[in-house]
Amino acid sequence: MDKEYLKISELNNYIKNLLDGDIFLNRVYLKGEISNFKNHTRGHLYFTLKDDTSRISAVMFQSSAVKLTFTPEDGMNVLVSGRISAYPAQGSYQIYIDKMEVDGLGALYIEYEKLKKKLAMMGLFDENHKVPIPKFPEKIGVITASTGAAVRDIMSTIKRRYPICEAILFPCLVQGKDAAPDIVRQIKRADAYGVDTIIVGRGGGSIEDLWAFNEEIVAKAIYECKTPIISAVGHEIDWTIADFVADLRAPTPTGAAEMAVPTVLDINTLLDNYKIRLNRNIKNMVNTKFIKLRSLKQSFILKNPMSMYEIKEQKLDALIENINKDIKSIIVNKENLLNNIKLSYTLKNPMELIKDKKVKFEMLINTLKLVNPLGILEKGYSLVECNGKIIKDSNDTKVNDYINIKLHKGKIKAEVKEIMEDK
Amino acid sequence: MEKEKTFESALQELETIVKELESGNVDLDKAINKYTEAMKLAKFCSEKLNDATAQVNKILTEDNELKEFNAE
């Protein structure tokens with residue numbers, strides 16, 4: 001009996017077709033632990049999934065791997081979905097994974113709560129760090145994916161409500177593990193670019209989809225951003241870390257746009273309101289002044305100008321009277337003073353003024369008399385002169401000299417007959 | 001009114017004048033000047049709001065180029 005021998009490739013292809021044709025194996029959900037993890041340079045992931053007793057090879061191609069919200073590593077428990085197929089070249093079957101997540105939302109939730117607590121402690125959610133959103137922005141930076149409902153909702157809402165505002169998209173990834181750094185980068189870019197308000201967010205999704213907005217680096221970037229930030233992540237019920245840090249949290253992307261800009265209609269109404277108030281006010285003011293003016297015009301004084309004159313007349317009289325009174329009293333004062341002077345003792349006894357002087361004078365004369373050298377002659381003494389000199393010694397003269405003798409009254413000219421000395 | 005006034009600052013100024021006039025602490029001459037100023041501000045705001053051409057949505061590309069953006 002001739003046996004028909006198959007080539008290996010024929011067998012492997014047969015088995016592959018068998019597996020590919022099985023509708024159950026087309027969509028398989030598995031849970032297991034990662035081992036032998038290899039990240040190929042081209043972005044494909046190769047690893048083994050195992051449990052306590054069994055293992056299966058696993059492949060995740062780059063197109064699916066970019067959507068991962070975490071970096072897989074050995075020992076990690078994961079939930080995967082994909083299809084089972086054979087790899088004929090190796091004669092092995094494996095799972096081709098298109099979705100993978102960390103096993104258990106519980107783990108993510110715990111991480112979320114832990115980070116939330118940590119950032120709250122660090123003060124990232126502090127109300128007094130939050131800044132108010134400008135009421136009438138001229139430029140708004142929008143940080144979200146360039147496709148999808150979120151960007152469309154935000155952009156169209158801004159345009160519809162407040163078309164004079166410029167909305168600038170800073171496109172970024174909003175899911176996958178590269179999303180968080182990308183969001184951070186665009187927040188910094190928008191902050192540096194100079195916009196009045198930043199809206200950062202994305203549309204709804206699972207907790208993994210929104211995970212980038214729960215990352216610490218995103219929270220810190222929002223905190224450090226100087227431009228006011230409105231967060232708009234997912235739906236009303238989704239609260240991400242980013243929402244706690246942002247200056248304002250919007251329930252949805254559309255809501256963020258509504259919070260970011262007023263409507264033209266609202267402003268027009270406000271302007272009209274201002275105009276009405278201004279007109280009413282100025283009218284009131286003019287009216288009040290007019291009434292006041294009219295009442296002033298009708299005042300007694302303006303109606304009876306002569307009364308003003310009468311009052312002045314009266315005042316003048318009073319003034320004149322006062323002046324007269326004053327002058328009179330001044331004159332009386334002066335008169336009294338003059339009389340007092342006239343009656344004074346000195347004026348009546350002018351000799352009194354010189355009496356003292358006379359006595360003094362007489363005393364001086366007597367004193368002079370006492371010291372006058374000629375005064376002594378009165379008492380009978382004489383002065384003898386010889387040759388113009390007064391002599392005190394008989395030897396000062398000679399016989400036959402002529403001498404003058406001065407007496408109290410008159411002089412005698414005599415000739416010396418004899419000189420006698422005292423013995 | 002200087003040219004570089006922004007819509008927001010004009011609107012704020014307008015609000016301040018309205019409140020000031022309503023406080024009644026302004027004499028008539030000043031009030032009339034302020035009223036004139038306020039009406040100018042209101043006109044400026046209205047014009048800026050209603051006559052300005054609508055802005056086109058933009059996208060800032062990786063090359064720092066500002067391009068027109070149409071959300072599909």
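A quick yes/no check of all residues on (1) surrounded by fewer than 12 Cβ atoms within 10 Å (Cβ to Cβ); (2) not aliphatic (A, V, I, L, M):
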{"position": "A:SER57", "(1), (2)": "no, yes"}
{"position": "A:VAL66", "(1), (2)": "no, no"}
{"position": "A:GLN90", "(1), (2)": "yes, yes"}
{"position": "A:VAL102", "(1), (2)": "no, no"}
{"position": "A:PRO132", "(1), (2)": "yes, yes"}
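Report those strands (runs of 3 or more DSSP E) wholly inside the stretch A:146-265 carrying at least 2 residues which are within 14 Å of chain B (Cβ to nearest Cβ), touching a strand residue (DSSP E or B) at 6+ places or on another chain (Cβ under 8 Å) and at pLDDT 90 or above. Lay out the reasoning, then the answer.
Values: elements: A:166-171, A:197-202, A:229-233.
Fully inside the stretch A:146-265 and qualifying: A:166-171, A:197-202.
Remark: pairs (first residue in the stretch B:52-71, more than 7 Å from chain A (Cβ to nearest Cβ); second residue modelled with pLDDT under 85; Cβ separation under 6 Å; 6+ apart in sequence or on different chains) = B:GLU68/B:VAL56.
Given the criteria at pLDDT below 85, within 9 Å of chain A (Cβ to nearest Cβ) and over 30 Å from A:CYS172 (Cα atoms), does B:GLU22 qualify? Walk me through it before giving the result.
Numbers: at pLDDT below 85: yes; within 9 Å of chain A (Cβ to nearest Cβ): yes; over 30 Å from A:CYS172 (Cα atoms): yes.
Judged against the criteria, B:GLU22 is a match.
Among the residues of the stretch A:152-181, just one is farther than 27 Å from B:CYS45 by Cα and without any contact (Cβ under 8 Å) to a residue 24 or more places away in the chain, namely A:ARG152. Checked against (1) at pLDDT 85 or above; (2) surrounded by 10 or more Cβ atoms within 10 Å (Cβ to Cβ), A:LYS409 meets all criteria but (2).
From the list A:ILE282, A:ILE341, which one is within 19 Å of B:LEU28 (Cα to Cα), outside the structural domain of A:PHE136 (by TED's automatic domain parsing) and either assigned to a helix (DSSP H, G or I) or out of contact with any helix residue (DSSP H, G or I) (no Cβ under 8 Å at 6 or more places or on another chain) (or both)?
Details: A:ILE341 fails: within 19 Å of B:LEU28 (Cα to Cα).
Just one listed residue meets the conditions, A:ILE282.
Quick one: would you say A:ASP22 is more than 60 Å from the chain's Cα centre (by Cα) and not assigned by TED's automatic domain parsing to the domain that holds A:ALA86? Spell out the reasoning first.
Details: more than 60 Å from the chain's Cα centre (by Cα): yes; not assigned by TED's automatic domain parsing to the domain that holds A:ALA86: no.
Spelling it out, it is not the case that A:ASP22 is more than 60 Å from the chain's Cα centre (by Cα) and not assigned by TED's automatic domain parsing to the domain that holds A:ALA86.
Taken over the stretch B:25-47, the criterion of being surrounded by fewer than 18 Cβ atoms within 10 Å (Cβ to Cβ) and either facing another protein chain (nearest Cβ under 8 Å) or among the β-branched types (Val, Ile, Thr) (or both) is satisfied by B:LEU28, B:ILE32, B:THR36, B:MET39, B:SER46.
To keep it simple, each residue is scored yes or no on (1) among the acidic types (Asp, Glu); (2) surrounded by 13 or more Cβ atoms within 10 Å (Cβ to Cβ); (3) modelled with pLDDT under 90.
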position: A:MET1; (1), (2), (3): no, no, yes
position: A:ASN12; (1), (2), (3): no, yes, no
position: A:ILE34; (1), (2), (3): no, yes, no
position: A:LYS50; (1), (2), (3): no, yes, no
position: A:VAL78; (1), (2), (3): no, yes, no
position: A:ASP98; (1), (2), (3): yes, yes, no
position: A:LEU105; (1), (2), (3): no, yes, yes
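The values are calculated or read from the model by the stated rules, or taken from the named source; none is laboratory data. In this text, all values refer to a predicted model and were calculated from it rather than measured experimentally. Positions of Cβ are generated from backbone atoms using ideal geometry, with glycine treated the same way; all protein chains shown enter the neighbour counts.
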